[in-house]
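Notes follow once the structure below has been shown.
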Amino acid sequence: MPRLSVLVPAYQAAQTIVPALRSTMRALPKDAEIVVLDDGSTDGTAEVARHVDDPRLRVISRPNRGVAATLNDLLDATDSELVARMDADDIVLPGRFARQLRRIEAGADAVFTTVVTWGAGRPGLPRPSAIGAEAFGLHLLLTNPVAHSTFLGRRAAVTEVGGYRALPTEDYDLWLRMAMHGARLHRMALPGLAYRVHPGQVTASAEWRRASWENPEIAAAYSALAERLLGAPARRITSLSIDSQLAPDEKTAQVAEFSTRFDAALLKCAPPARRALRRKLSERRAWLTRQLGEQEVVAR
């Protein structure tokens, strides 16, 4: 049994999966494997992946079931102590897994990295900012601060909250539930991944984002974490923005109450984390103000 399994869900990835696998193998530590699950591709993804000759690689195929089911099937197909994620169109940067494993050995339950973006548009370089365990849950109450494909963590931390659910933003939903159950989540400052950006990806879809904002299960997971960290349940600012049952002043009042509780919770954080979170909260409140202004214009 390898200590680490890198899980790679793949769908219609014949054009990108070989460099993704090669980069993963170059960074792979000893006592590790890569497991690809081809989710019913029709472009020969599995065949292309199987041509990568490496004893550390396994390729599984089955009919299409969606990304959450694919990730849970990958968990079931492996039995390692640690699991990591990689997408079939991204590139692992040198040293990623070694740095993450050192943080796991220091007591973390899950470790992420920042990313370099490439592909459509101009390349993006991250601000080299880490997020410690004491601040990670508060970041989740504002936005998802990590890319799913940078995850490396303890299998037990994932399975004890039920694994992935078939929801929009299945990764954000999982991080919310892990944080709620006390898992220690970290983001390392250095990038560990070159994240491909392209116009057709699901995460670029406005419909996909709205489905996440409207989803009741994600709302419940978010509210439970808010109650744990802030002392009271709360709603996502994005969800408030599209609630047609609330007047603009009611939305503003709810965010003001949230902000008061959030600011009190920041006292438990170190000053650099406190500043970063206050800046992010200010950005989210400004975003809501713009949304309300645009809605008022449309309503006229």
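All conditions in (1) over 24 Å from Q295 (Cα atoms); (2) out of contact with any Leu (no Cβ under 9 Å at 6 or more places or on another chain); (3) free of Cβ contacts under 8 Å to residues at least 60 places away in the same chain hold for F136, with the sole exception of (2).
Residue pairs whose Cβ atoms lie under 8 Å apart, sitting 6 or more positions apart in sequence or on different chains, and linking a residue in the stretch 2-22 that is farther than 22 Å from V83 by Cβ to a partner that is surrounded by fewer than 19 Cβ atoms within 10 Å (Cβ to Cβ) and among the small types (G, A, S), are A14/G44. Answer yes if at least one residue in the stretch 244-265 is touching a residue at least 24 places away in the same chain (Cβ under 8 Å) and not in a helix (DSSP H, G or I), and no otherwise. No, that holds for no residue.
One line per residue, one yes/no per condition, for (1) of a type in the set (D, E, K, R); (2) under 14 Å from H139 (Cα atoms); (3) surrounded by 16 or more Cβ atoms within 10 Å (Cβ to Cβ):
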{"site": "L225", "(1), (2), (3)": "no, yes, yes"}
{"site": "L229", "(1), (2), (3)": "no, yes, yes"}
{"site": "P233", "(1), (2), (3)": "no, no, no"}
{"site": "S239", "(1), (2), (3)": "no, no, yes"}
{"site": "D243", "(1), (2), (3)": "yes, no, no"}
{"site": "D249", "(1), (2), (3)": "yes, no, no"}
{"site": "V255", "(1), (2), (3)": "no, no, yes"}
{"site": "D263", "(1), (2), (3)": "yes, yes, no"}
{"site": "C269", "(1), (2), (3)": "no, yes, yes"}
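You will find that of T117, T113, the residue that is within 30 Å of D263 (Cβ to Cβ) and β-branched (V, I, T) is T113 and no other. Being farther than 18 Å from L7 by Cβ and surrounded by 20 or more Cβ atoms within 10 Å (Cβ to Cβ) is the requirement here; does G137 meet it? So G137 fits the description; yes.
For every residue, the table says whether it meets (1) outside any loop (DSSP other than H, G, I, E, B); (2) of a type in the set (D, E); (3) modelled with pLDDT of 95 or more; (4) surrounded by 19 or more Cβ atoms within 10 Å (Cβ to Cβ).
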position	(1), (2), (3), (4)
G121	no, no, no, no
A156	yes, no, yes, no
Y164	no, no, yes, yes
D173	yes, yes, yes, yes
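Counting only strands (runs of 3 or more DSSP E) that sit wholly inside the stretch 1-115, those with at least 2 residues that are within 17 Å of the chain's Cα centre (by Cα) and either at pLDDT 95 or above or surrounded by 15 or more Cβ atoms within 10 Å (Cβ to Cβ) (or both) are 4-10, 82-85.
The values are calculated or read from the model by the stated rules, or taken from the named source; none is laboratory data. As the structure is a prediction and not an experimental result, all values here were calculated from the model. Don't worry about glycine lacking a Cβ; one is built from the backbone with ideal geometry, like all the others, and counts go over all protein chains shown.
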